[in-house]
Amino acid sequence: VIVIAKCTIGKELDTAVDLSAKAETDLKERLISNKNARNEILSIMSPYEIKGYIFIETMHVDRVEYLARTLRNFKGIISGTVSMDEIEHYLTPKPAVSGLSLG
Amino acid sequence: MKKQYLACKICKRLTTDQFCPVHGDEKTTEEWFGFVIVNDPEGSVIAKRAGITEPGMYAIKVRS
Ligand SMILES: [Zn+2]
């Protein structure tokens, strides 16, 4: 699922980098006892149009909350999920001059 | 000390280096907007839609 997490405005990148690193460390630890362990965070997305929130793709929302608990700029996960269709347009930004090239 | 991330204009990878780690000759730029961090490209729907097949940090948009 994809969930929305709140973070300090302007700290989207720091928060995502730290959270990703926490998940990588967590995965390494779990791989010792379970060779099929997967990363609790599949991906993190932060469109530049959106400040103070990041999208987190995960199979286990509660585990993300656990991994993020010590991050200073992480302000919690908003209940509910978003679909890929709702956020896909952020991946393909329209050119700024779209529509102005006629003639 | 805050790290300044720069993006490759070809693959959009984010790096703290002046040159892309994959495209050695490509100078990276600070003019990028939005990002995706992919930990598990095989499991991630976002990575698939973005066409990302390797773990890492990527800019969504890079000014060329
Ligand atoms: Zn590159």
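The values are calculated or read from the model by the stated rules, or taken from the named source; none is laboratory data. These numbers were taken from a predicted model, which means no experiment stands behind them. All Cβ positions, glycine included, derive from the backbone under ideal geometry; neighbour counts span all protein chains shown. Accessible surface is based on the protein model in full, side chains and every heavy atom, while ligands, DNA and RNA are left aside. Shrake-Rupley method; radii C 1.70, N 1.55, O 1.52, S 1.80 Å.
Odds and ends about this structure:
- Solvent-accessible area per residue, Å², over chain A with all protein chains present [probe radius 1.4 Å]: 59
- Here the protein assembly as shown exposes an accessible surface that is 53 percent carbon and sulfur, computed with a 1.4 Å probe and the other protein chains kept in place.
- Interface A-B: total buried accessible area of about 2100 Å², 1.4 Å probe, protein heavy atoms only.
- At the residue level, A:ARG69 shows approximately 140 square angstrom of accessible surface with a 1.4 angstrom probe and all protein chains present.
- In region B:24-41, the residues that give up 10 Å² or more of accessible area when the other protein chains are added, compared with the chain on its own (1.4 Å probe), are B:TRP32, B:PHE33, B:GLY34, B:PHE35, B:VAL36, B:ILE37, B:ASN39, B:ASP40.
- Listed residues A:ARG72, B:ARG63 arranged by accessible area, highest first, probe 1.4 Å: A:ARG72, B:ARG63
- Virtual paramagnetic centre 7 Å along Cα→Cβ of A:ILE4, amide N under 18 Å, in region A:66-90: A:74-90
- The number of Lys pairs in region B:6-62 with C-alpha atoms less than 13 Å apart, excluding pairs fewer than 8 positions apart on the same chain, is 4.
- J(HN,Hα) series, region A:71-88, from Karplus relation 6.51 cos²θ - 1.76 cosθ + 1.60, nearest Hz, glycine and proline x: 7, 5, 8, 8, 10, x, 9, 7, 5, x, 10, 10, 8, 4, 4, 6, 10, 4
- Using alpha-carbon coordinates, inclination of helix A:12-33 to the longest axis of chain A, degrees: 30
- With both labels modelled 7 Å from their Cα along Cα-to-Cβ, the A:ILE78 to B:GLU31 distance reads 3.1 nm.
- Each of A:HIS60, B:HIS23 has its accessible area taken with a 1.4 Å probe; listed largest first, they run A:HIS60, B:HIS23.
- Annotated for region A:2-91: lysine pairs at least 8 residues apart or interchain, Cα distance under 20 Å, count 9.
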